[in-house]
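Read the structure below first, then the notes.
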Amino acid sequence: MKPLALHRRLAALALAAGLLAIFAASAAAKPVGLVREIPVGGHIVDIAAGPEGNLWFTQNHPNGPGEHARITVSRITPRAKPSRFTAGLSHRAEPSMIVAGADRNLWFTWEPRGAGGGGVGRVTPGGRITLFPEPAGQHGSPFEIAATPDGSIWFTHAAFFAPTGQAIGRASPLGEITEYSAGLTPSSNITHPTAGPDGNLWFGDESNDPAVGRLNPGSGEISLFGGLPPHEFTIFEGPTPGTEGNLWFSANEPTPLVERVTPAGVVERFGTGLDSRTANVGPFAVSADGSAWFRIWKDAPPGRRDDERDLTAVGRIDPSGRITEFSDCLRPMQGYEGPNNLIRGPEGNIWFTTWSSGDPAVSSPSSTPSIGRITADGKITEFRLGLDRESSLDKLVFASGKLWSFDRSTESIVMLTPTSAPANTFLFYSPPKHGNGVRVYVPGPGRLKVSGAGLRTTTTPARDCGQATVRVAPGGELGRRLDRRGSVRVRARVTFTPRGGSAFSRVAPVTLRRSR
């Protein structure tokens, strides 16, 4: 081959290789805010971040038809590689809630299939499981679990299965179990144990006479701080540690309020700033400035559907007791499906989950569940790209720089790499009733572009989050066909580029109709 021809051939190969590299990079580029679902099969009960950076989770018997039976304590690495550990587990020892202990092991509650008995278990980072049964004659059915810095593991008992009343259990680092009940009432229903900033164990009493409680690990003394209005169906949220040793909670009395308890047990109640339609507040997460963030769930006025826009919000109460609501860019949904499982991220934002929303009879693509983020100034972004329409997300945990959850519906572990850029995920609504276009829901300001075979490329600015309509315009030949036939079905590619983010596209089928 002549030198010139060889030079041209090599140049062409280099150009082709360069183009292939560009295309490969483009194809491999992941969209910002992509939520990844990792199927693990089986009913997932709880998740916890391990001290070695992995995510740990428990699985036990299925709750409903279609769920798989798998009894394990498992871990999954940041690279999404799962490992399952089953030695010692069976239908006689099904794991439930899990927490990381101060001894760098993971601890979990367990019980036999059915009622009564059970205990706590320990699993090392290497997967070695040891079970510690509750001594005979104790309450049985251990359920919620918490760890304190002294190395103790604390647990509650499922009230429905505890025939002898309530007690708080304690497991030492060696697995020795002790129960504490002096100070509880016969009707106490203990929930949400948590390590307080003062070194004590704090909890809620979800009985008809609600109270917030404190247990001194040194003496075992239990104190209940009541004075809250009696409620037939108490829904206790918190307590959640705040600043200055205080904890935030709500017993959601007939008139729900945000409540705070001091280390001395003084309960303060705040309601100024809450909407009069508020039916439930909480759970809570506390930001670095001491403000507590929480879900606000409102009742719909008579004659209105429960899926309208202003029935849920994220609330913030600052240390002075001032309450502010935020709902801009929070999609329409029923109150109870609004922001849940709140947690503070390492970057300082508050993260939450939402469920699918809307009456199935008036279903909308905007009902897709999401993982949401709210910044210190109240700006909300929902990340839903990659989630299933029927996803049912529960609990959020940060581990190794990733945000984790689990999806009960798809039996999957859910992973999101947080980003400070706007989410470039958006949803199609149905086409407008009048005019040729596509109605979409965008998560924030940016630019929308429509393109496709036979279509004119058009761009539309999106000035804020919410609904936007983009025009679909036929080109010359397609326009003439539309004039002849009266309607033409096309596939329109809609691309959204958020301000400061990368572009992402989706394709929508659209029926163009001749204007009259």
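The values are calculated or read from the model by the stated rules, or taken from the named source; none is laboratory data. Just so it is clear, the model here is predicted, and its values are computed rather than measured. Here the Cβ is made from the backbone with ideal geometry for all residues, glycine too, and neighbour counts use every protein chain on show.
Just a few scattered comments:
- Taken together, the residues in segment 165-188 that are under 26 Å from Arg104 (Cβ atoms), of a type outside the set (D, E, K, R) and buried (at least 19 other Cβ atoms within 10 Å of the Cβ) amount to 4.
- The strands (runs of 3 or more DSSP E) found wholly in segment 196-252 and carrying at least 3 residues that are of a type outside the set (A, V, I, L, M), over 21 Å from Ile153 (Cβ atoms) and in the same structural domain as Ile145 (by TED's automatic domain parsing) occupy 247-250.
- Annotation note: of Gly378, Gly372, the sole residue that is at pLDDT 90 or above, under 14 Å from the mean Cα position of the chain (by Cα), of a type in the set (Gly, Ala, Ser) and under 26 Å from Ser420 (Cβ atoms) is Gly372.
- One residue stands out in segment 442-484 among those that are of a type in the set (A, V, I, L, M) and in a strand (DSSP E or B): the one that is surrounded by the most Cβ atoms within 10 Å (Cβ to Cβ), namely Val442.
- Leading residue by the ranking (farthest from Ile413 (Cα to Cα)) among those in segment 323-353 that are in a strand (DSSP E or B) and touching a Ser or Thr at 6+ places or on another chain (Cβ under 8 Å): Ile323
- Checklist (1) assigned to a loop (DSSP other than H, G, I, E, B); (2) under 25 Å from Gly238 (Cα atoms); (3) basic (Lys, Arg) applied to Arg79, failing item: (2)
- For segment 258-281, the set of residues classified as at pLDDT 95 or above and either within 23 Å of the chain's Cα centre (by Cα) or closer than 14 Å to Gly227 by Cα (or both) consists of Val258, Glu259, Arg260, Val261, Gly265, Val266, Val267, Glu268, Arg269, Val281, listed by residue number.
- Any hit, segment 168-180, residues being within 30 Å of Val261 (Cα to Cα) and not in a strand (DSSP E or B): yes
- Test: residue in segment 137-150 that is out of contact with any Phe, Trp or Tyr (no Cβ under 8 Å at 6 or more places or on another chain), part of a loop (DSSP other than H, G, I, E, B), in the same structural domain as Ser405 (by TED's automatic domain parsing) and buried (at least 23 other Cβ atoms within 10 Å of the Cβ): yes
- Condition broken by Thr262, with the remaining ones in (1) over 21 Å from Ser327 (Cβ atoms); (2) surrounded by 22 or more Cβ atoms within 10 Å (Cβ to Cβ); (3) not hydrophobic (A, V, I, L, M, F, W, C) satisfied: (2)
- Some residue of segment 300-313 being modelled with pLDDT of 85 or more, in the same structural domain as Asn189 (by TED's automatic domain parsing), part of a strand (DSSP E or B) and farther than 29 Å from Ala468 by Cβ: no
- Of note, Val507 satisfies the criterion of being at pLDDT below 90 and of a type in the set (Val, Ile, Thr).
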